[in-house]
1. How far apart, in nm, are the 7 Å Cα→Cβ label points at PHE185 and GLU121?
2. Quick one: 3J(HN,Hα) in Hz for segment 134-139, Karplus 6.51/-1.76/1.60 with θ = phi - 60°, rounded, Gly and Pro as x.
3. May I ask you to order 33-39, 70-76, 177-183 by the average number of other C-beta atoms within 10 Å around their residues, highest value first?
4. What do you get for the angle between helix 36-49 and the principal long axis of the chain? Use alpha-carbon atoms, 0 to 90 degrees, nearest ten.
5. Could you list ARG47, ARG67, ARG190 so that the one with the fewest beta carbons within 10 Å of its beta carbon is first and the one with the most is last?
6. Taking Cα Rg over 2.2 N^0.38 Å as the quantity of interest, determine which of (i) 1.25; (ii) 1.11; (iii) 1.33 was computed from the displayed structure.
7. In sequence order, what are the phi-derived ³J(HN,Hα) couplings for segment 99-105 according to the Karplus relation 6.51 cos²θ - 1.76 cosθ + 1.60 with θ = phi - 60°, rounded to whole Hz, with x for glycine and proline?
8. Roughly how many debye, to the nearest 20, is the charge dipole of the chain about its Cα centre, given +1 on each Lys and Arg Cβ, -1 on each Asp and Glu Cβ, and no other charges?
Amino acid sequence: MEPEAGPAPPGMPDPADIAQRVARGQKLFIPLDADMPSATAIARTLRAALPPHVTVFAVPGTSRGGRGLTVLQLLTDAEAAAVRPALDHLVAEFRQVAGALVALMLAGTSPQGDPDGEYPETVQFRGGTWDLEPHGEHCRFEGPDGEVVEASIYSPDTIDPYFLLLYAETTSGHRTVTDACVEGFHDMCRLLELAG
């Protein structure tokens, strides 16, 4: 859902200036002398005024600096369209692997198949031993070569942008997607949003 443009909150930077200053792979930080609710309102208003491939979010003060805005230039529609076939392949592979790993985990629970039972510490998959770290409704599976699949136990075909990017980064064959995700999680969110 796109944010709605409203009146410019006090202290809001000029959107045209921001659009010229932000660059792909170069975070732009804009310090603000505003409380967090005001900084969030400014970020929301700026997002509505900037192109859809530019995102803005408020950040609280840190030890390195005060409160402000972070501006990122994400993938354009055309760049995302070029990556779409590789993204579709990644999503299909992730769903297949996550589903298989969760099924193996559930088959090894005590009592067998009980998603609330006691999980095994490892499962055998594709000729290797995968370690399991269940936590809440998710499980982190780590393969023998460092592959990581973080999946929902109850719905392993669910796609989470962070988990999908982590899988792409720790497995082979997904360089088109990982190279496109210059802004990491934020680019992956945009790819998935545009993919529908």
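A short reminder: the numbers here are calculations on the coordinates, not readings from a lab. Because the structure is predicted, anything quoted here is derived from the model rather than measured. Every residue, glycine as well, gets a Cβ built from its backbone with ideal geometry; the counts of neighbours run over all protein chains shown.
1. 3.1 nm
2. So the Karplus estimates, Gly and Pro as x, are x, 8, x, 8, 10, 9 Hz.
3. Numbers: 33-39: 14.9, 70-76: 21.0, 177-183: 18.9.
Per-residue Cβ counts within 10 Å, averaged per peptide and sorted highest first, yield 70-76, 177-183, 33-39.
4. Helix 36-49 sits roughly 90 degrees off the main axis of the chain.
5. Listed from fewest to most nearby Cβ atoms, that is ARG67, ARG47, ARG190.
6. This structure yields the entry labelled (i).
7. Those phi angles translate into x, 5, 5, 5, 4, 5, 4 Hz.
8. Computed charge dipole of the chain: roughly 760 debye.
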